[in-house]
Structure formats: C-alpha cells, structure tokens
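Data first, discussion second: the structure below is written as structure tokens.
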C-alpha cells in the first residue's frame, strides 16, 4: 500500500519541499489549539479564546486567495517570503502580549496580522499539479499524500501544543508553532527546483478562480466541513477540562486526526472509476453519520474512540474536494483555486471555533457537539442537492485538459 507513494519521493528536488511543508504544517496545526489553551489558561475564558482564534482564521481566509493569486502571477518565493517574515514578527508579538497580560484588543490585532500569510498547502499542491500535469493517477496519489501529510500534522501538532503549554507555560505552544511554521516555510521556499513556472500574462485566463463553475459550491461545502473541525477543536478542550484532564484534549484531537490519516493512506493508494463528485457524496455521508455518536458518548476514552472513527471520513472528503478544485480551474489559476477551497475550510474553522465556544458556555461541552453534527448534515445536503451541477462541471474540466493529459476514467 505504502509503495504507491514511493515515486513521489524519487521526484528530483521533492525532498526539500516535502521537509519544509512537514515543518510548516506541524506549526500551522498547532496555532488554533495553542491559542485556545493559552487564553483559556491565562484569561480563563473559552469565549475569548475561541474569538481570537476565529479572527485569525477569518483573516487567513480572506488573505489566502489574494496571496494565492499573487503567487500564480509572480511566483511562490517572490510573493511568499515577505509575508512569512512579517507574519512571524506579529506572531511572536502575540506571545509577548499574552505573557504581559496586555489588553484583549491587542491580541485580536496582532494575531489577526500574523494570519496574513501564504498557505503551504495550496503552494505544495500546485507543485505536484505541475510535476504530474500529464499523469492523472500519480497526481491523485500526490494529492492524497498531501492530505495525509495535513492529517498527520494534526496528529502531532495539537498534542505538541497542549503538551508544551501545560508543562511549560501557557504561551509555549504558540511560540513553538511560530518557530516551526517559519522554519518550514523558509525551507520550502528555498527549494526552487520544483517551483512551478509563472504562466505568462498573455496566456492567463481572465476573471477570478472562484467564478469557475462548481468551485464556489465545493468551497461552500468545505465551509461546513471546517465548522466541524473548528468546533471539534474547542469542544475537545472544554470536554477534557470539564472532566478535570485538560491535557487529554490532545488525545481526542489526535485520535480524530489519526483516523483521518489512516483513511487517507488507504484512499490515496487506490484507483477509482467513479467520478470525484460521487466519491464526495459518499464521504460527506460518512462525515455526518460518524460524528453523531459524539452527542451520546460518555467518558474521555469512549469519546476518543468515537473521534477516531469519525475522522476516517474526513481525509477522503478533503482529498476529493481539493482534487476536484484543481480539476475545475485552468493551470494558471491552480494555486488561487485551491486557496479558495482551503479558504472555505478556514472560514468554517473560524465559525466553528466561535460557535463552538458559545455553545460550550450555553449548553456545556457534551451538547455542544450538536454544532459539528448539524454542520455535517448541511454539507451533505448541499452536495446532494447540487450533485448534477457539480458532476457536470467536473466532467467539463476533465475534457478541458490537454490531449496528452486526458485522465483515466475516475
């Protein structure tokens, strides 16, 4: 099974950018839970913690497609490097402000500014899309590897953030996250050999990627998916804290990400003949149904088991969604297009963190799991209702590929 991924590591120049994204993804996976633990411990408010986290994600959601468009136009290193350096400075400022008990508005301001940064996921996927532009099955494997790497980072990242924040000091998780993210992005951007070339201005299509048929629908469904992630994150911390074991939240979050990682490994090693749209409906069904038991389970370890099972649907859904987003846009807009899709996830995570924090304070941690359950139902409904429209856009995108890159039947 793992042998399906071996050709990716044999691509000349791939190892440095894979190593860079591994570090940056781990740091990025730490941000949300690190801020929640930091402020819930330092300020004693899950509402404030969720709101600050939500602001950062909302800013990133707006900045992501804009920076992605600039990257497509001018190149990854040229555009991303200044943003990475400014973001790091603002992130380190948040650590100092929290430690000095500065006014809450300063946390919102500087954490928001630190979120104006390039997303490693779309840029890494854009490299694979260029490398395997004539090999659809290899591209499917590469996109699956990307999602497995994302999920693996969410196994390690939250655990590491909670661990250092509880063992050392509340700001330690965010401090380490900034260090890992910045070091990873600098390593990634230094790997110039695999950076995709810029499409000449004269050859670029007009208009925004988000206006391509089907892409807004995918992004909207991913908003609902993001709500599940954001709500699960803040609810896990609250659930564990109510049980008197705050550190156990890392086990719950890690179980969810581990289930997704293992499912992603299996999913990426397989070839499919169904359309991506059909696979998306199946994955969305699983994501909704498998989250429901979280409303009924009692105890930390049983919840961790439920989250492990629920996580098994997320990697197939995200792999399929992002592969579909790449199919729906021309190559000159691939970074922007995937940034739009990931922005949908980020908007959802932001909303999920905020709504989840409110639901915890209004209903308690157990009943707050209604937020991700309802969101999963909405995602499934949206995809099912617009199924034919989305499948038509997918097939049209496939026919628009170059003749020598015509995909095998999905």
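Let me know the Kirkwood hydrodynamic radius for the range 1-152, please, with Cα pairs as the basis and the value in Å to one decimal.
17.0 Å
Exposure proxy check: 306, 374 ranked by fewest other beta carbons within 10 Å?
Ranked by crowding around the Cβ, least crowded first: 374, 306.
By count of other Cβ within 10 Å, fewest leading, how are 285, 194 ordered?
285, 194
Using Cα pairs under 8 angstrom and six or more residues apart, how large is the relative contact order of the chain, in percent?
This gives 27 percent for the chain.
Against the longest alpha carbon principal axis of the chain, how many degrees, from 0 to 90 and to the nearest 10, is the axis of helix 76-99 turned?
Roughly 10 degrees between the two axes.
What whole number of Å gives the distance from the Cα centroid of the range 299-341 to the Cα centroid of the range 219-237?
Here the answer is 12 Å between Cα centres.
Could you list the residues of the range 355-378 with an amide nitrogen less than 19 Å from a label point located 7 Å from the Cα of residue 298 in the Cα-to-C-beta direction?
364-370
Once the Cβ-Cβ distance between residue 367 and residue 274 is put in as r, and R0 is 41 Å, what FRET efficiency do you end up with, to the nearest 0.05?
Efficiency computed from Cβ-Cβ geometry: 0.65.
Based on DSSP H runs of at least 4 residues, each adding -39500 (n - 2.57), what is the mean residue ellipticity at 222 nm of the chain after dividing by all its residues, to the nearest 500 deg cm²/dmol?
-26000 deg cm²/dmol
What's the whole-number percent of alpha carbon pairs in the range 244-388 lying beyond 20 angstrom?
Here the tail beyond 20 Å accounts for 53 percent of pairs.
Computed from the mean reciprocal separation of all distinct C-alpha pairs, what Kirkwood hydrodynamic radius does the range 343-383 have, in Å?
This gives a value of 10.6 Å.
Evaluate the distance, in nm, between pseudo-label points positioned 7 Å from the Cα of residue 130 and of residue 45 along their respective Cα→Cβ axes.
If labels sit at residue 130 and residue 45, their model points lie 4.5 nm apart.
Running a GNM on the chain with Cα contacts under 10 Å, which residue among 349, 383, 235 ends up with the highest mean-square fluctuation?
383
Taking the convex hull of the alpha carbon atoms in the range 1-85, what volume per residue do you get, in Å³?
148 Å³
Go ahead and set up a Gaussian network model of the chain, Cα springs under 10 Å, then flag whichever of 169, 308, 145 fluctuates most.
Most flexible of the set in this elastic network: 169.
Each reported figure results from applying straightforward, stated rules to the coordinates on display, with no laboratory input. From a predicted model like this one, the values you see are computed outputs, not experimental measurements. Reconstructed Cβ throughout: ideal geometry from the backbone, glycine too, with neighbour counts over all protein chains shown.
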